[in-house]
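Engineer: What follows is a structure written as structure tokens; I'll ask about it next.
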Amino acid sequence: MRNCVYIVMVCCLISCKKPNSSEARMPIQRIEIIDDSSVLSAISTKDFRDFKVLDSKYITKDELWKVLNPQMEDFTEADYNRLKPVILEQTITELQVSRTRNIFTYEELTKFYLFRIRKFDRENPLSLNSVIAVNPNVIEDSKQKDKDFSTKKSKHPIFGMPILLKDNLNANTMATTAGAVALKDNIAKDAFIVSQLKTKDALILGKANLSEWAYFFCDNCPSGYSAIGGQTLNPYGRRVIDTGGSSSGSAVAVAANFCVAAIGSETAGSILSPASQNSVVGLKPTIGLVSRAGIVPISSTLDTAGPIAKSVSDIAIVLDAISGYDSLDSKSTNKKDAYVYFNTPSSELIKGKRFGAPTRLKEDSLYVKALKVLKEKGAEIVEIEEEKVSLPNFIRLLNLDIKNDLPLYLKNYASANIEIKSVDEIINFNQTDSLKRMPYGQSLLKGIVADSGDLEYLERIKDTLKTNGQLFFDKPMRTHNLDGYLSINNYHAAFAAVAEYPALTIPMGYDRNGVPKGLTFIAKPYQEKVIIDWAAIYEEASQLRIAPKDYN
């Protein structure tokens, strides 16, 4: 078998498998990635409607809710129905206005989302398996926010807003499992960005399911599967439409209105993919803008956390809340714009801006319509050919990074009672109960152990990939004097990852099979404010997000 894979497989590996629709993913330019494991060759062809596992074998609905059920007794179906019109599909700003008018309290807002999660998420015909844990303290915390509401004069817009965390972020009231049985008792100190959220008075609602080990686990497991959380399903088509990954639960929970917003993480497409597949907005920030300390890693070179929400304004607010300098993160920076006072920007901010649109993507009718909307707002669309730039040894970068980075997390950020200390030990642990812990195998973990590259080789890979990734965007930007690059879903996620460029995806409609798709803006580092403005202008002009009908 040839010792290579193509960039579509890299994006699939870290973000999503092939959607079950002929239109859900366009053919990707064949770009060779050398020296990668041949076991990845089947990734783009498996039919992921054939799930081996649906429901978790480690958690049940009763176990999830046993602490909060008694506290929910005073919140009835009548309360839920009364609040639906003023909470479902509302932005953070709209929710805060309702709170100011005493239409509901933060306690009621929190109970509304908890009621929806309990009603829809597990063990019923509409189950999505998107939430892996609920915060046992969140109702008490919401009551405190109500007490503080009138006395605290300076409040961040995220004050009192219930937020879900991808379950690779440490939060001290719940286990951080990365979906893996080996970490099921990993209750550890808050990650830096969780502390940031709490400092701004957000409410930590619970944890979202994810593709196990952020998708760097098995080569043929479906998007959104983890041993702890079970199989996350897409609310736009359960068992029919792929969820994307690895931040599957975060995106599904936002799409189904189980929270105000969620935090995901991305190595190469893990926010962009599920956000686009579930018709929500997702931002992969410039690496360094958001701390990674206390987050179960794949790659200290490429990893970043980022927000997933239903609107661009909510993305701006959540990004403002979580960003900030962290001395414990080697890539953390002080560069930060002000997102908190977000207002829908004037269309003048996009007039005359030049966007590169790859020729082959214009075969997609939704993309063509999105370009038309931008042109009508005054943007200039420049048709370009993609640079024929390879990303050599991409998988080996991840292999060598996680081999170093995961033991550091386990040593410095995991609970002291976690005995697993390396990838080798995870493999051995899983093999003792393979049917429950690794039903799809663990070939990618084995590939990590088998990779013999040293640190000098790793640095050479990093240099080559970053240079090539930046060249992929910078050459057309210089040649055509471009301000930004327009993609679809996570199609160019690997290039944005290695270039360390920010990317934001926003709903651009649904194909003829009902599969959601996203228009993805990519720009130079630390231009989050710019792409947020562009996306907000597009959002206001297009208004293409439709809530999943079975969850209204």
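The values are calculated or read from the model by the stated rules, or taken from the named source; none is laboratory data. All figures in this text were calculated on a predicted structure; none of them were measured in a lab. No Cβ is skipped: glycine too gets one built from the backbone with ideal geometry, and neighbour counts run over all protein chains shown.
Engineer: Where the second residue is assigned to a helix (DSSP H, G or I) and the first is among the polar types (S, T, N, Q) and lies in segment 382-406, which pairs have Cβ atoms under 7 Å and are six or more apart or on separate chains?
Structural biologist: Ser390/Asn468; Asn393/Ile461; Asn399/Gly447; Asn399/Ile448
Engineer: Starting from residues that are touching an Asp or Glu at 6+ places or on another chain (Cβ under 8 Å) and within 25 Å of Thr267 (Cβ to Cβ), keep the ones in segment 147-171 and report whichever is surrounded by the most Cβ atoms within 10 Å (Cβ to Cβ).
Structural biologist: So the residue we want is Asn170.
Engineer: Checking the condition farther than 19 Å from Asp201 by Cα and either surrounded by fewer than 16 Cβ atoms within 10 Å (Cβ to Cβ) or in contact with a Phe, Trp or Tyr (Cβ under 8 Å, 6 or more places away or on another chain) (or both), which residue from Lys111, Lys57 passes?
Structural biologist: Of Lys111, Lys57, the one residue that is farther than 19 Å from Asp201 by Cα and either surrounded by fewer than 16 Cβ atoms within 10 Å (Cβ to Cβ) or in contact with a Phe, Trp or Tyr (Cβ under 8 Å, 6 or more places away or on another chain) (or both) is Lys57.
Engineer: Of the conditions (1) on the phi < 0 side of the Ramachandran plot; (2) surrounded by fewer than 19 Cβ atoms within 10 Å (Cβ to Cβ), Phe394 satisfies every one except a single condition; which number is it?
Structural biologist: Here Phe394 clears every test but (2).
Engineer: Test of understanding: among Asn234, Asn170, Asn186, Asn220, which residue is over 25 Å from Arg116 (Cβ atoms) and either free of Cβ contacts under 8 Å to residues at least 12 places away in the same chain or in contact with a strand residue (DSSP E or B) (Cβ under 9 Å, 6 or more places away or on another chain) (or both)?
Structural biologist: Answer to the selection: Asn170.
Engineer: Would you point out the residue of segment 115-154, among those that are of a type in the set (Lys, Arg) and modelled with pLDDT under 95, that is farthest from Leu165 (Cα to Cα)?
Structural biologist: Lys153
Engineer: Name, by its number, the condition in (1) surrounded by fewer than 20 Cβ atoms within 10 Å (Cβ to Cβ); (2) not in a loop (DSSP other than H, G, I, E, B) that does not hold for Leu95.
Structural biologist: Of (1) surrounded by fewer than 20 Cβ atoms within 10 Å (Cβ to Cβ); (2) not in a loop (DSSP other than H, G, I, E, B), only one is false for Leu95: (1).
Engineer: For segment 245-266, does any single residue satisfy the condition of being surrounded by fewer than 24 Cβ atoms within 10 Å (Cβ to Cβ) and either at pLDDT 95 or above or more than 24 Å from Gln96 (Cα to Cα) (or both)?
Structural biologist: Yes, because at least one residue in segment 245-266 is surrounded by fewer than 24 Cβ atoms within 10 Å (Cβ to Cβ) and either at pLDDT 95 or above or more than 24 Å from Gln96 (Cα to Cα) (or both).
Engineer: Residue under question is Gln71, and the condition is that it be under 22 Å from Leu319 (Cα atoms) and assigned to a helix (DSSP H, G or I); does it hold?
Structural biologist: no
Engineer: Among the residues of segment 394-435, write down those that are in a helix (DSSP H, G or I), out of contact with any Lys or Arg (no Cβ under 7 Å at 6 or more places or on another chain) and among the hydrophobic types (A, V, I, L, M, F, W, C).
Structural biologist: Phe394, Ile395, Leu398, Leu400, Ile402, Leu406, Leu408, Ile426, Phe429, Leu435, listed by residue number.
Engineer: How about segment 282-305: which of its residues are buried (at least 24 other Cβ atoms within 10 Å of the Cβ) and either at positive phi or free of Cβ contacts under 8 Å to residues at least 12 places away in the same chain (or both)?
Structural biologist: Gly294 - this is the single residue of segment 282-305 that is buried (at least 24 other Cβ atoms within 10 Å of the Cβ) and either at positive phi or free of Cβ contacts under 8 Å to residues at least 12 places away in the same chain (or both).
Engineer: Quick one: which of Leu366, Leu328 is over 30 Å from Ala414 (Cα atoms) and either in contact (Cβ under 8 Å) with a residue 12 or more places away in the chain or assigned to a strand (DSSP E or B) (or both)?
Structural biologist: Only one candidate passes the filter, namely Leu366.
Engineer: Inside segment 473-482, can you point out the residues that are buried (at least 19 other Cβ atoms within 10 Å of the Cβ) and either out of contact with any Lys or Arg (no Cβ under 9 Å at 6 or more places or on another chain) or among the charged types (D, E, K, R) (or both)?
Structural biologist: Hit for segment 473-482 is Pro476, nothing else.
Engineer: Let me ask you something else. Say whether the condition of being in contact (Cβ under 8 Å) with a residue 40 or more places away in the chain, part of a loop (DSSP other than H, G, I, E, B) and surrounded by fewer than 24 Cβ atoms within 10 Å (Cβ to Cβ) is met by at least one residue in segment 205-216.
Structural biologist: no
Engineer: Further, regarding this structure: Keeping to segment 380-417, report how many residues are farther than 30 Å from Asn468 by Cβ, under 26 Å from the mean Cα position of the chain (by Cα) and not basic (Lys, Arg).
Structural biologist: The number of residues fulfilling the criteria is 5.
Engineer: On the given criteria, is Phe192 in contact with an Asp or Glu (Cβ under 6 Å, 6 or more places away or on another chain), of a type in the set (A, V, I, L, M, F, W, C) and touching a residue at least 24 places away in the same chain (Cβ under 8 Å)?
Structural biologist: So Phe192 passes the test.
Engineer: Now a separate question. List, please: which pairs have Cβ atoms under 9 Å, are six or more places apart or on different chains, and start with a residue in segment 427-439 that is farther than 12 Å from Ala180 by Cα and without any contact (Cβ under 8 Å) to a residue 24 or more places away in the chain and end with one that is of a type outside the set (A, V, I, L, M, F, W, C) and in a helix (DSSP H, G or I)?
Structural biologist: Gln431/Arg437
Engineer: Out of segment 436-471, which residues are out of contact with any Lys or Arg (no Cβ under 9 Å at 6 or more places or on another chain), surrounded by fewer than 19 Cβ atoms within 10 Å (Cβ to Cβ) and of a type in the set (A, V, I, L, M, F, W, C)?
Structural biologist: Once the filter is applied, which keeps residues that are out of contact with any Lys or Arg (no Cβ under 9 Å at 6 or more places or on another chain), surrounded by fewer than 19 Cβ atoms within 10 Å (Cβ to Cβ) and of a type in the set (A, V, I, L, M, F, W, C), segment 436-471 yields Ala450, Leu455, Leu471.
Engineer: To continue, here is another question. Any residue in segment 510-517 that is small (Gly, Ala, Ser) and touching a strand residue (DSSP E or B) at 6+ places or on another chain (Cβ under 7 Å)?
Structural biologist: no
Engineer: Quickly run through segment 196-226 and pick out the residues that are of a type in the set (S, T, N, Q) and over 17 Å from the mean Cα position of the chain (by Cα).
Structural biologist: Within segment 196-226, Gln196, Thr199, Asn220 meet the criteria.
Engineer: Looking only at segment 331-364, which residues are surrounded by fewer than 13 Cβ atoms within 10 Å (Cβ to Cβ), at pLDDT 95 or above and of a type in the set (Ser, Thr, Tyr)?
Structural biologist: Thr359
Engineer: Exactly one condition in (1) within 30 Å of Gly441 (Cα to Cα); (2) free of Cβ contacts under 8 Å to residues at least 40 places away in the same chain; (3) of a type outside the set (D, E, K, R); (4) not in a loop (DSSP other than H, G, I, E, B) is false for Phe112; which is it?
Structural biologist: (1)
Engineer: Any chance segment 136-150 includes a residue that's over 22 Å from Ala321 (Cα atoms), of a type outside the set (Lys, Arg) and in contact (Cβ under 8 Å) with a residue 40 or more places away in the chain?
Structural biologist: Checked segment 136-150: at least one residue is over 22 Å from Ala321 (Cα atoms), of a type outside the set (Lys, Arg) and in contact (Cβ under 8 Å) with a residue 40 or more places away in the chain.
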